[in-house]
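Participant: This structure is in structure tokens; I'll ask about it shortly.
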Amino acid sequence: MDTTDSHHLGKIMDKNTIKKLTYLSKLSIPESDIDELSKNLDNILKLIGEIDAAPTDGMLPMAHPLDFTQPLRDDVCQKNINRDANQHDSSKTKDGYYTVPKILD
Amino acid sequence: MWETVIGLEIHVQLATDSKLFSSSSTNFGSEQNTQASIIDLAMPGVLPVLNKKAVNMAIMFGLAVDAKIADKSIFARKNYFYPDLPKGYQISQYELPVVYDGKLEINVEGKSKTVGITRAHLEEDAGKSIHDLFDGESAIDLNRAGTPLIEIVSEPDMRSAKEAVTYLKKIHSIVKSLGISDGNMEEGSFRCDANISLRKPGEDFGIRAEIKNINSFRFVENAINYEVGRQQDILESGGAVNQETRLYDPKKDETRPMRSKEEANDYRYFPDPDLLPVEITEKQISEIKKSLPELPDAKKERFIEEYGLKNADAEILSSSLDLSEYFEKASSNVSSKFQLLANFILSEVVGLSNKHNLDISKAPVSSEEVAKLITYVSDEKISIKQAKEVLNESWQNKTDVDEIIKSKSIEQISNIDLLSDEAKKILEKHPKEVQDYKNGKDKLMGFFVGQVMKETQGKANPKALNQILNKLLKGE
Amino acid sequence: MTYKSVTEILEAIKKKDISATEITKDYFKRIKASDDLNCFITLTEDSALNRAKKIDKDISKNNLKPLSGLPIAQKDIFCTKGVKTSCGSKMLDNFISPYDATVVDKLNEAGTIMLGKTNMDEFAMGSSNETSFYGAVKNPWDYEYVPGGSSGGSASAVAARISPCSTGTDTGGSIRQPASLCGICGLKPTYGRVSRFGMIAFASSLDQAGLFTTDALDAAILLKEISGHDPKDSTSSTVEVPNYHDYCINSDKKNFTVGIPEEFVNDLNDDVKNSFYESVKILENIGCKIKTINLKHTGLGVSAYQVVAPAECSSNLSRFDGVRYGHRSKKSESLESLYRESRSEGFGKEVKRRILVGTYALSAGYYDAYYLKAQKVRNLIAQDFSQAFEKVDLILGPTTPDKAFKIGEKMNDPIAMYLSDVYTVSTNLAGLPAMSIPMGFKEGMPLGLQIIGNHFDEKDILKLSYLYQKETDWHEQEPGA
């Protein structure tokens, strides 16, 4: 899925791209802020685009700074759940359920 | 002619005590949100710690389907927003799943074929959204959030609903035999999505639709058959199938597209930085291999060898853990007549279970009782017909079979002298029929047997009676 | 007498020259007198005094713990049970944590008394403390200047001597940069040295908890208490925790080979350069051997960092959806609007920018070019360091390119803001420990010296700092004195 041919790093963050990104990240940006935002994002893309030229052939991607492996937990239950403390913000709950506007299908 | 192409994705809840990344309980049916810890609720700052048993269970499954086990496996985040997904991402696996490249042999109508298993990966389950509890609001219960699952992805190797169901049942039997899942479909421990497409034989794969969350074997068959019909209609009228996710509605027996909430979804998988690569050693694998219980295929072979069962019966008995356990428990209480026992269980006990919609493990007549019935039949104490009657009665009233036999005094009369006396009395009563029989009216044998049975309230041993009547009628 | 350092306070309490209650009251007096610094989001005076009373009782029974009676300020990124934990964001303005972070837990266990929760850049995203929902923190050396960020409140409080020590977190420099700008010590340990459990995540593979103190010995004392493997954090290390303080005092090691990367000193302005090379001279006098080295790819650090950190943050911040806790918009007619409005009202501009950049870097079609590429660059940078550590014990440079900047100066220029982390981000990418200690002043504002060590070599960083501080008094200078 190498896509470097089909686009150029540091390309302009247009309205459509911002729309798609705000959809994915569940943000809404007021129309009046879009120009400033897209200018800032463009500058940021220019900055991060500098990695494009880095000589990374043969380099493995590094997801963790330390090279160790996952410690595993024994399958033991702990019963220390305090629903009241977890639901201290009672405006979001009803009968111990969290509530959201009705989801359609 | 269209060829159906089916691939299945099966979600299996693992039978661990605690969740995949937290130590809260996985029990089903607790009060809402009382099994959701700060980790399951995705409180700010919490971190996941992986359950060792879940990893071992995934390895067990991999070994059972001849798959490769990754020496290094990685967890990834699948990002999307939904209220039953507290973190806004699901911890799953993308690259380097624990299990990959496996296979399973299935038998459909006497033909065997191999279904490829692309991968089986560990992931966490979501919570539940309940839409009909409150007015204008959906209710969220996160008790299930974080429960460990393995998702088993098959190759698109199946060509009919029958094959798909057979494959699904076999996977079900394997996970139950391994003890890694309770396989309870009603409670959602075993769920299936089906990818279905049609093509002209020899051509490339067609466009597929994904049918989500089908939660019984019967529904899988119905859903696939409906979907195949639907796609066929579209294709034959020159249309094109939409690549989409559809929902099966068992009430209407149809599939329909899900409201496209997944508009332009992009899950942005990336390695979860809160979790390190999981290392699986050869030693760990070989230890698990040693502790692996007997799997359905091996069990079938053993049933044929040890009990002399017919291939088809061995196949059915071994395909379900509950059924094979019932059979084996019963067989340990009979000294021979295993095939008779198998027949009796497969037709009578399974029949009653199906009729009452019960798991055979919950049958009110125990395997020991069934073993008694078969022993009495083989000792000619009762007839097979009587055994069936006693089983039925025992099933209904939950009484011991011995008690039923005693109270109804339905023990057979096998005593030769006693039976001879009875037979002689009948023959003396019906001289005309005796004469007719001797003149070649063979059918009258049934009449004589019936008359003796009537006199003995059906307790006469039919085999012995036949011999005696033959001797009396022909010997004269 | 006014006690100032951790060492002094612990000594006085041990000798019963002062009680925990007295010292706690004293610090609250100081805090209130410096209210206009805006260091704290929440003060926990009542619970602190109750705790002090209890600790005094324990002390009277000779039940003394390593840090008994020591007041401390906690960055508001650490979850504190029953206390508001805002992370500097409107999103969590109403959030009362149901649990304690491991760092908080350990410090409580060791006997500290929490004074309150310190101000910070929103979700630790910022280098000036100006992105906080609770307003900018001021630099005690000059109120017109920023204290740096994101742990600005914690740094400013220790610099102003209104708390003897404080906790911070460092994802790209958020401890070292404010320590440098405020003229105090700021230690970022090795990734995995300190548990991240209960520390609200910004970028999980870069975040590390650490400390602010006035000198290296104080940092050594505290580091021991917060370090170690935590079964609740899979990424925390099982490497043994040494007694850093004893090592500083007792080991006779002083002839460290210290590497100076050309990339860190080439573009310095004269004032910073002068201060830096004076410090180098002091180290040479101590017995250190100085070597010029190269970290060829650190120039790409900020760029790679600005991919990796936003990518992880875009995912980490998805849990702030207004459903279970945190800000929920009144404009929530549908699920979609609940999400979008709650998040848009709850997050500030910088946080939204990073979420958008991170979402972009992970999205289909861009993943390879941005996220994967950045992770490869990260590996390049880490290799540079590991090659350097084959030749040197420690690496030295300035912490920041310049002294503090004025409040408002860079707020509308994210790029300029990002570049103030140019010398600090690389160590986060490589997971290395590093510390900033005071090395002088430019126009009355402090400058910091950064010492970087190999993985889990905090002890030698502390030792060198300790030796340097025996020869200098930069760390003893106080604002307004």
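The values are calculated or read from the model by the stated rules, or taken from the named source; none is laboratory data. Because the structure is predicted, anything quoted here is derived from the model rather than measured. All Cβ positions, even for glycine, are placed from backbone atoms using ideal geometry, and neighbour counts span all protein chains on display. With ligands, DNA and RNA removed, areas are computed over all heavy atoms of the protein, side chains included. Shrake-Rupley method; radii C 1.70, N 1.55, O 1.52, S 1.80 Å.
Participant: From the list A:45, A:41, which residue is touching a residue at least 24 places away in the same chain (Cβ under 8 Å), at the interface with another protein chain (Cβ under 7 Å from one of its Cβ atoms) and assigned to a helix (DSSP H, G or I)?
Facilitator: Details: A:45 fails: at the interface with another protein chain (Cβ under 7 Å from one of its Cβ atoms).
Only one candidate qualifies: A:41.
Participant: I would also like to ask the following. Take the residues in the stretch A:72-89 that are of a type outside the set (A, V, I, L, M, F, W, C) and open to solvent by 60 Å² or more (accessible area, probe 1.4 Å), then tell me which one is farthest from the other protein chains (Cβ to nearest Cβ).
Facilitator: The extreme case among them is A:84.
Participant: Is it the case, given these coordinates, that residue B:18 is among the polar types (S, T, N, Q), within 11 Å of residue B:146 (Cα to Cα) and either more than 27 Å from the chain's Cα centre (by Cα) or away from chain A (no Cβ under 11 Å) (or both)?
Facilitator: For residue B:18, the condition - among the polar types (S, T, N, Q), within 11 Å of residue B:146 (Cα to Cα) and either more than 27 Å from the chain's Cα centre (by Cα) or away from chain A (no Cβ under 11 Å) (or both) - is not met.
Participant: Let me ask you something else. If I go through the stretch C:348-383 residue by residue, how many of them are open to solvent by less than 10 Å² (accessible area, probe 1.4 Å) and not in a helix (DSSP H, G or I)?
Facilitator: Residues in the stretch C:348-383 being open to solvent by less than 10 Å² (accessible area, probe 1.4 Å) and not in a helix (DSSP H, G or I): 1 in total.
Participant: Determine which member of the set C:303, C:315 is over 30 Å from residue C:338 (Cα atoms) and not assigned by TED's automatic domain parsing to the domain that holds residue C:215.
Facilitator: After applying the criteria, what remains is C:303.
Participant: Enumerate the pairs (first residue in the stretch C:359-375 and more than 16 Å from residue A:41 (Cα to Cα) and facing chain A (nearest Cβ under 7 Å); second residue anywhere and in a helix (DSSP H, G or I) and open to solvent by less than 10 Å² (accessible area, probe 1.4 Å)) with beta-carbon separation below 7 Å, excluding pairs fewer than 6 apart on the same chain, so at least 6 apart or on different chains.
Facilitator: C:373/A:51; C:374/A:51; C:374/C:304; C:374/C:307; C:374/C:308; C:375/C:308
Participant: For the stretch B:168-178, indicate whether the set of residues that are surrounded by fewer than 18 Cβ atoms within 10 Å (Cβ to Cβ) and hydrophobic (A, V, I, L, M, F, W, C) is non-empty.
Facilitator: no
Participant: Condition check: open to solvent by 60 Å² or more (accessible area, probe 1.4 Å), assigned by TED's automatic domain parsing to the domain that holds residue C:220 and at pLDDT below 95. Does residue C:62 satisfy that?
Facilitator: Working: open to solvent by 60 Å² or more (accessible area, probe 1.4 Å): yes; assigned by TED's automatic domain parsing to the domain that holds residue C:220: yes; at pLDDT below 95: yes.
The answer is yes for residue C:62.
Participant: Just to check your reading of the model, which residue among C:214, C:167 is within 30 Å of residue C:22 (Cβ to Cβ), touching a helix residue (DSSP H, G or I) at 6+ places or on another chain (Cβ under 8 Å) and open to solvent by 10 Å² or more (accessible area, probe 1.4 Å)?
Facilitator: That would be C:214, the only listed residue that is within 30 Å of residue C:22 (Cβ to Cβ), touching a helix residue (DSSP H, G or I) at 6+ places or on another chain (Cβ under 8 Å) and open to solvent by 10 Å² or more (accessible area, probe 1.4 Å).
Participant: May I ask you to list the residues in the stretch C:357-396 that are hydroxyl-bearing (Ser, Thr, Tyr) and closer than 19 Å to residue C:435 by Cα? If you could, list the steps in order and put the result at the bottom.
Facilitator: Keep residues of the stretch C:357-396 that are hydroxyl-bearing (Ser, Thr, Tyr), which gives C:359-360, C:363, C:366-367, C:370-371, C:386.
Within the stretch C:357-396, just C:386 meets the criteria.
Participant: When both residues are 6+ apart or on different chains and their Cβ atoms are under 8 Å apart, which pairs have a first residue that lies in the stretch C:466-481 and is among the acidic types (Asp, Glu), and a second that is surrounded by fewer than 12 Cβ atoms within 10 Å (Cβ to Cβ)?
Facilitator: C:471/C:285
Participant: Considering every residue within the stretch B:182-190, establish whether at least one is buried (at least 20 other Cβ atoms within 10 Å of the Cβ), farther than 30 Å from residue C:319 by Cα and more than 11 Å from the chain's Cα centre (by Cα).
Facilitator: no
Participant: If you check every pair at least six apart or on different chains, which have Cβ atoms under 6 Å apart with a residue in the stretch B:356-375 that is more than 15 Å from residue B:405 (Cβ to Cβ) first and a residue that is surrounded by 19 or more Cβ atoms within 10 Å (Cβ to Cβ) second?
Facilitator: B:360/B:323; B:360/B:326; B:360/B:353; B:363/B:353; B:364/B:395; B:367/B:326; B:367/B:330
Participant: Same structure, new question: So the check is Cβ under 6 Å with 6+ separation or different chains; which pairs have a first residue in the stretch C:235-261 that's within 14 Å of another protein chain (Cβ to nearest Cβ) and a second one that's surrounded by 13 or more Cβ atoms within 10 Å (Cβ to Cβ)?
Facilitator: Between residues of the stretch C:235-261 that are within 14 Å of another protein chain (Cβ to nearest Cβ) and residues that are surrounded by 13 or more Cβ atoms within 10 Å (Cβ to Cβ), the close pairs are C:235/C:192; C:236/C:192; C:236/C:195; C:236/C:229; C:236/C:230; C:237/C:192; C:238/C:229; C:239/C:456.
Participant: Only one of C:282, C:293, C:226, C:286 is within 30 Å of residue C:108 (Cβ to Cβ) and away from chain A (no Cβ under 14 Å); which?
Facilitator: C:226 is the lone residue from the list that is within 30 Å of residue C:108 (Cβ to Cβ) and away from chain A (no Cβ under 14 Å).
Participant: Out of curiosity, is residue C:37 open to solvent by 70 Å² or more (accessible area, probe 1.4 Å) and in contact with a Lys or Arg (Cβ under 7 Å, 6 or more places away or on another chain)? Before you say what the answer is, go through the steps one by one.
Facilitator: Working: open to solvent by 70 Å² or more (accessible area, probe 1.4 Å): no; in contact with a Lys or Arg (Cβ under 7 Å, 6 or more places away or on another chain): yes.
Against the criterion (open to solvent by 70 Å² or more (accessible area, probe 1.4 Å) and in contact with a Lys or Arg (Cβ under 7 Å, 6 or more places away or on another chain)), residue C:37 does not qualify.
Participant: Here are some residues: A:69, A:93, A:56, A:99. Which one is hydroxyl-bearing (Ser, Thr, Tyr) and within 7 Å of chain C (Cβ to nearest Cβ)?
Facilitator: Only one candidate passes the filter, namely A:56.
Participant: All but one of (1) under 30 Å from residue C:334 (Cβ atoms); (2) away from every other protein chain (no Cβ under 13 Å) hold for residue B:137; state the number of the condition that does not hold.
Facilitator: (2)
Participant: Of all the residues that make up the stretch C:40-59, how many are small (Gly, Ala, Ser), open to solvent by 40 Å² or more (accessible area, probe 1.4 Å) and either in contact with a strand residue (DSSP E or B) (Cβ under 6 Å, 6 or more places away or on another chain) or outside the structural domain of residue C:156 (by TED's automatic domain parsing) (or both)?
Facilitator: 0
Participant: Still on this structure: Quick one: would you say residue B:450 is under 30 Å from residue B:349 (Cβ atoms), outside the structural domain of residue B:362 (by TED's automatic domain parsing) and either of a type in the set (Gly, Ala, Ser) or open to solvent by 50 Å² or more (accessible area, probe 1.4 Å) (or both)?
Facilitator: In short, yes.
Participant: Pairs please, first residue from the stretch B:263-291 and under 15 Å from residue A:71 (Cα atoms) and in a helix (DSSP H, G or I), second anywhere and open to solvent by less than 70 Å² (accessible area, probe 1.4 Å) and of a type in the set (S, T, N, Q), Cβ atoms under 9 Å, 6+ apart in sequence or on different chains.
Facilitator: As it stands, the answer is B:284/B:56, since those pairs meet every condition given.
Participant: Within the stretch C:295-304, can one find any residue that is without any contact (Cβ under 8 Å) to a residue 60 or more places away in the chain, within 24 Å of residue C:217 (Cα to Cα) and open to solvent by 10 Å² or more (accessible area, probe 1.4 Å)?
Facilitator: So far as the stretch C:295-304 goes, no, none of its residues is without any contact (Cβ under 8 Å) to a residue 60 or more places away in the chain, within 24 Å of residue C:217 (Cα to Cα) and open to solvent by 10 Å² or more (accessible area, probe 1.4 Å).
Participant: Right, next: Given the criterion open to solvent by 60 Å² or more (accessible area, probe 1.4 Å) and at pLDDT 85 or above, identify the matching residue among B:384, B:404.
Facilitator: After applying the criteria, what remains is B:384.
Participant: When the residues of the stretch C:21-34 are filtered to those that are open to solvent by less than 70 Å² (accessible area, probe 1.4 Å) and either touching a His at 6+ places or on another chain (Cβ under 8 Å) or not basic (Lys, Arg) (or both), which remaining residue is farthest from residue C:129 (Cα to Cα)?
Facilitator: C:21
Participant: Pick out, from the stretch B:53-139, the strands (runs of 3 or more DSSP E) lying fully within it that include 2 or more residues that are open to solvent by less than 10 Å² (accessible area, probe 1.4 Å).
Facilitator: B:76-79, B:89-92, B:99-108, B:111-124
Participant: OK, next. Limited to the stretch C:77-96, what total is found for residues that are within 21 Å of the chain's Cα centre (by Cα) and open to solvent by less than 10 Å² (accessible area, probe 1.4 Å)?
Facilitator: Residues that pass the stated criteria total 10.
Participant: In addition: Residue C:351 is checked against (1) more than 7 Å from every other protein chain (Cβ to nearest Cβ); (2) more than 30 Å from residue C:93 (Cβ to Cβ) and fails just one. What number does that condition carry?
Facilitator: Unmet for residue C:351, out of (1) more than 7 Å from every other protein chain (Cβ to nearest Cβ); (2) more than 30 Å from residue C:93 (Cβ to Cβ): (2).
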